[in-house]
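Novice: The structure that follows is given in the form of structure tokens.
The values are calculated or read from the model by the stated rules, or taken from the named source; none is laboratory data. The shown structure was predicted, so the numbers you read here are calculated from the model rather than taken from an experiment. As a convention, Cβ positions derive from the backbone with ideal geometry for all residues, glycine included, and neighbour counts pool all protein chains shown. The area values use the complete protein model at the heavy-atom level, side chains included, leaving out ligands, DNA and RNA. Shrake-Rupley method; radii C 1.70, N 1.55, O 1.52, S 1.80 Å.
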Amino acid sequence: MDEELPPNPKDDEKAFVGPIMLDFSLPFANIKSIKIEDEDLNIEQLPQLLKLYNAKEILWKYRARIIGVDGSEIVTEGDIPKEPFIILTPLHIKSIPWSFIKINKSTLINLIKDLIPCSEGEGYFNPSPWDRKLLIDKKWYYLHAGELTEKISIQTQGYEITDKIESNFYNPKFYFLNPFYIEESRKPINSSSFISLQSDYALSLISSDPFNIKFDLGKIEIESENPVYIIKSKRWNEAKPARISWDLKNNVINLDCKPKYNVSLYKLEPSSVIPLYLDYKDNELFLILENFSNDDIISTMIFSARIESAIADGEELVTEFDRVRIPIRRWGIKNIRIKLRKLIEPYLKRKIIA
């Protein structure tokens, strides 16, 4: 049985005294005052995150203008120097164990019940807004993006589970998930929810939560409480490790009703965009999306529903019946609210997965 998330934090101002490493919670609540320590400067997205928390006072031992990987800037209050230091995050590249959150199962079920007709029986829902693979009784199955179905039947080739690898990599690049960022290092790192080693080909090690590795002359040893999957590809990003880590954190949901139609509830593109948080109440879907790439993009989200309105960070978005396009800068994080309305059945039938 999936665990339920704790209630959302209230959106009120609070004091938050550092160090803040790993203490980021979602959704973003207003912070009155925060004190940061040197170690916090290793968080690549520190400036953007503190701006999203609306931190009114940021204290550090020095006065500084801190610039993040997405271009966000914050200013700290301190005694010296007279002219603030200019700091680019991260101060030091290191692995900071972090994982995507588990989306609230009840929220997703309420969204389904409001938008999709359901009869007595059982069904399944893929919470991932992209196609995914699923392991059931030692067999791998395929599900479409946001798919609602009464049975899981499409078999596919899956991923291998591993705890030890003999590679011929001598000095690969390491790509790994840090809080709200995918970092790159020429030095071996020891812990993350996914670690991709890139040489003339790539090996991606992926799990739902942080695991530990030891790398020595091509030998990779893994220590983990959860299964770690290995994917071989030409380039590390072809494996889409962030998506797969999100999949492993958010299991397919068993429904206590049978969907009348086999449809995709939602779909999100491109592959660099990952949902960090999702909530639904009174026909309004609240999303926090992040663009995990070095390029500015326009993300498209498609629903089996009519979109009445959509707002991102307070600005109205242009919608096209069942879809909305969301501009997101490189490594940008967006708060999005979308008003949804149930489709009449003739339109819903057009959404049936072939």
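Novice: For the chain, give the magnitude of the charge dipole about the Cα centre (Cβ charges: +1 Lys/Arg, -1 Asp/Glu; no others), in debye to the nearest 20. It would help to have the intermediate numbers written out before the result.
Specialist: Numbers: 48 positive and 53 negative charges, 174 e Å.
Using only the charged Cβ atoms, the result is roughly 840 debye.
Novice: I need the Kirkwood Rh of segment 95-249: take the reciprocal of the average 1/r across all distinct C-alpha pairs and report it in angstrom.
Specialist: Values: mean 1/r = 0.0594 Å⁻¹.
Averaging 1/r across every pair of different Cα atoms and inverting gives 16.8 Å.
Novice: Restricting to Cα atoms and excluding each atom paired with itself, what does the Kirkwood estimate give for segment 217-354 in Å?
Specialist: Details: mean 1/r = 0.0577 Å⁻¹.
So the Kirkwood estimate lands at 17.3 Å.
Novice: Add -39500 (n - 2.57) for each DSSP H run of 4 or more in the chain, then divide by its residues: what number comes out at 222 nm, to the nearest 500 deg cm²/dmol?
Specialist: On the way: 4 runs with 32 residues, N = 354.
Only helices count here, giving -2500 deg cm²/dmol.
Novice: Ignoring ligands, DNA and RNA, what percent of the accessible area of segment 245-354 is carbon or sulfur (1.4 Å)?
Specialist: Working: 2330 of 5160 Å².
The computed percentage sits at 45.
Novice: Moving to a separate point now. Per residue of segment 173-180, what does 6.51 cos²θ - 1.76 cosθ + 1.60 with θ = phi - 60° give for ³J(HN,Hα)? Whole Hz please, x for Gly and Pro, Karplus curve as stated.
Specialist: Ordered by residue, 3J(HN,Hα) equals 7, 10, 10, 8, 8, 9, x, 6 Hz.
Novice: May I pose another question? Convert each backbone phi in segment 342-354 into a coupling constant with the Karplus relation 6.51 cos²θ - 1.76 cosθ + 1.60 (shift: θ = phi - 60°), then list the ³J(HN,Hα) values in order as whole Hz, x for Gly and Pro.
Specialist: Going residue by residue, I get 5, 7, 6, 4, x, 6, 5, 4, 5, 8, 4, 6, 5 Hz, with x marking Gly and Pro.
Novice: Something else: Provide the gained length on full extension for the span LYS32 to ASP163, in nm with one decimal, where the gain is 0.36 nm per separating residue minus the Cα-Cα distance. Don't jump to the answer; show the numbers that get you there.
Specialist: On the way: separation 131, 0.36 × 131 = 47.16 nm, distance 4.46 nm.
Stretched out fully, the LYS32 to ASP163 stretch lengthens by 42.7 nm.
Novice: Next question, about the same structure. Which of LEU177, TRP140, ILE154 sits closest to the plus end of the dipole of segment 117-191, meaning its Cα is farthest towards the positive end, when Lys and Arg get +1 and Asp and Glu get -1 on the C-beta?
Specialist: Checked the options; the winner is LEU177.
Novice: Just tell me the longest site-free run in the chain, where the sites are trypsin sites (Lys or Arg not before Pro) in a DSSP loop having at most 13 other beta-carbon atoms within 10 Å. Working shown, then result.
Specialist: Details: sites that count: LYS10, LYS56, LYS61, LYS138, LYS151, ARG186, LYS234, ARG235, ARG350.
Counting only loop sites that pass the neighbour cut-off, the longest clear stretch is 236-349.
Novice: If I build a Gaussian network model for the chain, linking alpha-carbon pairs within less than 10 angstrom, which residue out of ILE152, ILE297, ILE338 has the largest mean-square fluctuation?
Specialist: Checking each option, the largest mean-square fluctuation is seen for ILE152.
Novice: Can you list residues from other chains, or at least 5 along the same chain, whose modelled amide H is less than 5 Å from the amide H of TYR201?
Specialist: none
Novice: Can you pull out the GluC sites (Glu not before Pro) in segment 170-278 that DSSP calls coil and that have at most 12 other Cβ atoms within 10 Å? Working shown, then result.
Specialist: Numbers: sites: GLU183, GLU184, GLU221, GLU223, GLU225, GLU238; in loops: GLU225.
In loop regions of segment 170-278 (DSSP not H, G, I, E or B), the sparsely surrounded GluC sites (Glu not before Pro) are GLU225.
Novice: Related question: How would you classify the chain from its alpha-carbon gyration tensor, with a ≥ b ≥ c the square roots of the eigenvalues: rounded for a/c under 1.5, else prolate if a/b is greater than b/c, otherwise oblate?
Specialist: oblate
Novice: Turning to a different aspect of this structure: Name the shape class, rounded, prolate or oblate, that the alpha-carbon gyration tensor gives for segment 26-171, where a ≥ b ≥ c are the square roots of its eigenvalues, rounded holds for a/c under 1.5, and otherwise prolate holds if a/b is larger than b/c and oblate otherwise.
Specialist: In terms of gyration-tensor shape, oblate.
Novice: May I ask you to give the solvent-accessible area per residue for the chain, in square angstrom, as obtained with a 1.4 angstrom probe? It would help to have the intermediate numbers written out before the result.
Specialist: Numbers: 17710 Å² over 354 residues.
Value for the chain: 50 Å² per residue.
Novice: Using only the Cα atoms of segment 264-337, construct the convex hull and provide its projected area averaged over every direction, in square nanometres to one decimal. Display every interim value, and only then the final one.
Specialist: Numbers: hull surface 18.1 nm².
Hull-based average projected area comes out at 4.5 nm².
Novice: Taking the chain as a Gaussian network, where each spring joins two C-alpha atoms under 10 Å apart, which residue of ASP296, ASP247, ASP282 fluctuates the most?
Specialist: Its mean-square fluctuation being the largest, the pick is ASP282.
Novice: Still on this structure: With an 8 Å Cα cut-off and a minimum separation of 6 or more residues, compute the relative contact order for the chain in percent. Provide the component values of the computation, followed by the final result.
Specialist: On the way: 858 pairs, mean separation 50.2, N = 354.
It comes to 14 percent, rounded to a whole number.
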